[in-house]
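The values are calculated or read from the model by the stated rules, or taken from the named source; none is laboratory data. Just so it is clear, the model here is predicted, and its values are computed rather than measured. So basically every Cβ, Gly included, is an ideal-geometry build from the backbone, and we count neighbours across all protein chains shown.
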Amino acid sequence: MRKSELSNLPAHVAIIMDGNGRWARRRAMPRFMGHRQGVAALKKAVRYASNQGIETLTVYAFSTENWQRPQEEVDFLLDLMYKTFVQEIEELIEEQVRIILIGDRTSLSHELLEIWTQAEERTANNTGLTLNVAFNYGGRQELVAATKNLAEQVARGELAPEDINEENINTALYTWRSPDPDLIIRTGGELRLSNFLLWQAAYSEIYVTDILWPDFKERDFSEALQAYAHRERRFGQVPVKE
Ligand code: FPP
């Protein structure tokens, strides 16, 4: 893995890949063409993050709300996800990428779950970039699942209510293996988190660009990293020089 020449590199970058539909509409194409192009942008982003030496990349691929899209689009996205994994797995292994699915696994099809489990198992010992793919993911739903998990531990007598703390909540989240994101990038210009990493984003720097996801290139990723490098992160404290 090549280390970045950029200073102050975030260890964990999360991306809200928005704007596929608008990208397609502007070209008078059907929305699915935007998603297909979105996969190409994702491949570039993964390679770039890996080459820069970023440790963790989390991408928002399908939210718990996305099921409400027209059935045709939902089916296309599920199929795209499946095919992308089949097509890309060997290269991801070669690039030492470790894949982790974050999201609610209980309502996914057997097929998708199987390919996912395989991808996780086959990349588990890779030592490069950790790629968290948020699929059937919702931040509130994640917190509900974590709360249930802790409540069950309490009910079994394994955890005392007064011992519930940030650490064991963290451990009960889908993202338990990853540090909190340092930087969240959102493409497509909207200024919101859209139920993404609600707990983990407490002190994340947020960078929004109007560029639509299929147009997001290495240069744009680099600009986001440079903007991050100039931010002063205070974590609720006073500035160092004051
Ligand atoms: C948001 O654009 C994008 C999505 C809902 C899907 C993102 C998925 C990909 C880029 C493919 C990922 C594939 C894998 C294998 C992880 P939008 O449709 O909301 O765009 P709009 O806001 O312009 O309508």
> Scanning region 58-69 for residues that are more than 10 Å from the ligand (Cβ to nearest atom) and either in a helix (DSSP H, G or I) or modelled with pLDDT under 95 (or both), which turns out surrounded by the fewest Cβ atoms within 10 Å (Cβ to Cβ)?
Replying inline: GLN68
>> Given the criterion in contact with a helix residue (DSSP H, G or I) (Cβ under 7 Å, 6 or more places away or on another chain) and more than 20 Å from ARG47 (Cβ to Cβ), identify the matching residue among LEU112, LEU92.
In response: LEU112
> How many residues does region 80-96 hold that are surrounded by 14 or more Cβ atoms within 10 Å (Cβ to Cβ) and among the charged types (D, E, K, R)?
Replying inline: 2
> Across region 10-32, which residue is surrounded by the most Cβ atoms within 10 Å (Cβ to Cβ) among those that are more than 11 Å from the ligand (Cβ to nearest atom) and closer than 19 Å to VAL74 by Cβ?
Replying inline: PRO30
>> Just to check your reading of the model, which residue among THR117, THR106, THR127, THR123 is within 15 Å of the ligand (Cβ to nearest atom) and among the polar types (S, T, N, Q)?
In response: THR123
> When region 127-144 is examined, which residues are found to be in contact (Cβ under 8 Å) with a residue 24 or more places away in the chain and more than 18 Å from the chain's Cα centre (by Cα)?
Replying inline: THR127
>> Kindly evaluate PRO161 against the criterion of being exposed (fewer than 15 other Cβ atoms within 10 Å of the Cβ) and closer than 17 Å to ILE54 by Cβ.
In response: no
> Which of the helices (runs of 4 or more DSSP H) contained wholly in region 110-211 include at least 1 residues that are hydrophobic (A, V, I, L, M, F, W, C) and within 23 Å of HIS35 (Cβ to Cβ)?
Replying inline: 110-123
> Among the residues of region 215-224, is there at least one that is buried (at least 16 other Cβ atoms within 10 Å of the Cβ), under 24 Å from TYR48 (Cβ atoms) and more than 16 Å from the ligand (Cβ to nearest atom)?
Replying inline: yes
>> Taking the conditions exactly as written (closer than 17 Å to PRO181 by Cα and not in a loop (DSSP other than H, G, I, E, B)), does ALA45 satisfy them or not?
In response: yes
>> Given the condition among the acidic types (Asp, Glu) and exposed (fewer than 14 other Cβ atoms within 10 Å of the Cβ), answer yes or no: does some residue in region 97-105 qualify?
In response: no
